[in-house]
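What follows is one structure encoded as structure tokens, with my remarks underneath.
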Amino acid sequence: MKITVVGTGYVGLVSGACLAEVGNDVLCLDLDAEKIRILKDGGIPIHEPGLDQVVARNVAAGRLRFTTNIEDAVRHGTIQFIAVGTPPDEDGSADLKYVLAAARNIGRTMTDYKVVIDKSTVPVGTADKVRAAIADELAKRGVEVPYSVVSNPEFLKEGAAVEDFLRPDRIVVGAEDDQAINLMRALYAPFQRNHEKLVIMDVRSAELTKYAANAMLATRISFMNELAILAEKMGADIEQVRQGIGSDPRIGWHFLYAGCGYGGSCFPKDVKALIKTAADAGQHLKVLQAVEDANDAQKMVLVDKVVARFGADLSGKHFAIWGLAFKPNTDDMREAPSRVIIDELFKRGATLTAYDPVAMDETRRIFGDEPRLSYAERPMQALDGADALVIVTEWKEFRSPDFDAIKAVLKSPVIIDGRNMYATDLPRAAGLEYYGIGRR
Ligand code: UDX
């Protein structure tokens, strides 16, 4: 099939590359000439495991191409994915200007049938706006060209994006006419395995499904984070509680990890946007508002623990930070708890040395030339001259450190771990004070 993907961010680039991988002829459009230049030169503008090989293989096979030319892109695909950004507005609602601009470009140029697919996370009702934008452009041209608008939200996780796209647990498709439904069935046939993955529904339900999924997952995390605080007060251990409840199949194991708050490009933005969508419809989402408030508070938990141990005035204190990205296997710093933690430690007078396997360049870009923040080339190097170690992201390479070596180098024998990476007895056996989230 001939497919155009508009937008080469996480969702667009992964979708385009994986759709090429199963034999489609894919053209990716981005108006950011620099991104397209990098892609044409064989580079990848984001860090995503395995994506570089999939892109390289399909570019070499001639199935995956990149362009900045809107007309070429519209002409190319019968299937037109819109996978552009939907940054939050001032008021938290998703800004649709890029989505609607992409729709207008299609309407302005198309001469034959197109299925226009919203892949970006967009509020309920966006497909109607996309349909109207295309209709408006066709009317301006005085032509009638048939098209369908489909909602096909993407559930991929950063760090596992290629795997998630190639082996999805479900493919949600909101479509309301047979021509579009049949095309979507054909498009996703290569991804069907073992059981029916396509869940076909009406467009508005598909749009809401994406928000429902992310809001539910965020709710689980905030719930566990609040229970972790309670566990500390009660002398219980949230890790044991997690194991005690996860085995109930109605609860399940996933997304029960207490930590220093959720971040990333999806949960914070989508939770806000759903609250706003509901408010616009006259409904106050009480549970979800609490989820957001609890998460904002949770980003301060590590700072509170540092203050509890070292005092409110941290001037002259120096801390090692392990992990900056909002989660492992990505260099994404969007809404990362580390940003709040770094700012708040600065405010109290501390200086920091950070180590992250891939997110240090991105952190440098965000914090600029900041004399209070230096970077280490290796995890242990970050500990030189530090009063304590603060762990913010659970990278695998932090899983089994040499606790004796850590004890020997830190000025105070303190690890404050925002991701509960260790069984509490291990660092303690080495003579370290070990503070986790919700641990005994
Ligand atoms: C999420 C959804 O999982 C994905 O389906 C959707 O398409 C996009 O949003 P992503 O943002 O890539 O994916 O990351 P995810 O792995 O879901 O983690 C989100 C945040 O929650 C991270 O900051 C992570 O540290 C945190 N988290 C996750 C916890 O604090 N505890 C958990 O148990 C799980």
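Since every read-out is calculated from the coordinates, none of them should be taken as a lab result. For clarity, every value in this text was computed on a predicted model and none was experimentally measured. Virtual Cβ from ideal backbone geometry, glycine too; neighbours counted across all protein chains shown.
Note on the stretch 211-297: Rg/Rh from C-alpha atoms, Kirkwood Rh, equals 1.01.
Taken along the Cα-to-beta-carbon direction at a fixed 7 Å, the label points for Ser400 and Ala101 span 5.0 nm. Quotient of the Cα radius of gyration of the stretch 299-435 and 2.2 N^0.38 Å, N being its number of residues: 0.95. Residues considered: Gly323, Gly23, Gly264. Largest GNM mean-square fluctuation over the chain, using C-alpha springs under 10 Å, is found at Gly23. Find which of Val150, Pro190, Ile171 sits farthest along the positive direction of the dipole of the stretch 139-199, computed with +1 on the beta-carbon of Lys and Arg, -1 on that of Asp and Glu, about the Cα centre. It is Pro190. Residue separation of Asp169 and Ser247 scaled by 0.36 nm, minus their Cα-Cα distance, works out to 26.0 nm of gained length. The calculated FRET efficiency for the pair Ala297 and Tyr113, based on their C-beta separation and a Förster distance of 41 Å, comes to about 0.20. Here the simple spin-label model places points 7 Å from the Cα toward Cβ, and for Ala60 and Thr424 these points are separated by 5.2 nm.
Loop-located GluC sites (Glu not before Pro) across the stretch 349-440 with a Cβ neighbour count of 16 or fewer within 10 Å are Glu377, with loop assigned by DSSP.
How far is the Cα center of the stretch 324-349 from the Cα center of the stretch 84-152, in Å? Going from one Cα centre to the other spans 35 Å.
Taking 25 °C and 0.890 mPa s as the conditions, I'd like the Stokes-Einstein D for the stretch 2-201 in µm²/s, using the Kirkwood hydrodynamic radius from alpha carbon pairs. Value of D from the Cα-based Kirkwood radius: 145 µm²/s. Of His76, His195, the sequence from fewest to most neighbouring Cβ atoms within 10 angstrom is His195, His76. The fraction of all Cα pairs in the stretch 67-159 landing in successive 5 Å bins from 0 to the largest distance is 3, 14, 25, 24, 17, 10, 4, 2, 0, 0, given as whole percents. In terms of other Cβ atoms within 10 Å, Trp395, Trp253 run from fewest to most in the order Trp253, Trp395. Length, then width, then depth: along the principal axes, the Cα atoms of the chain run 75, 47, 43 Å.
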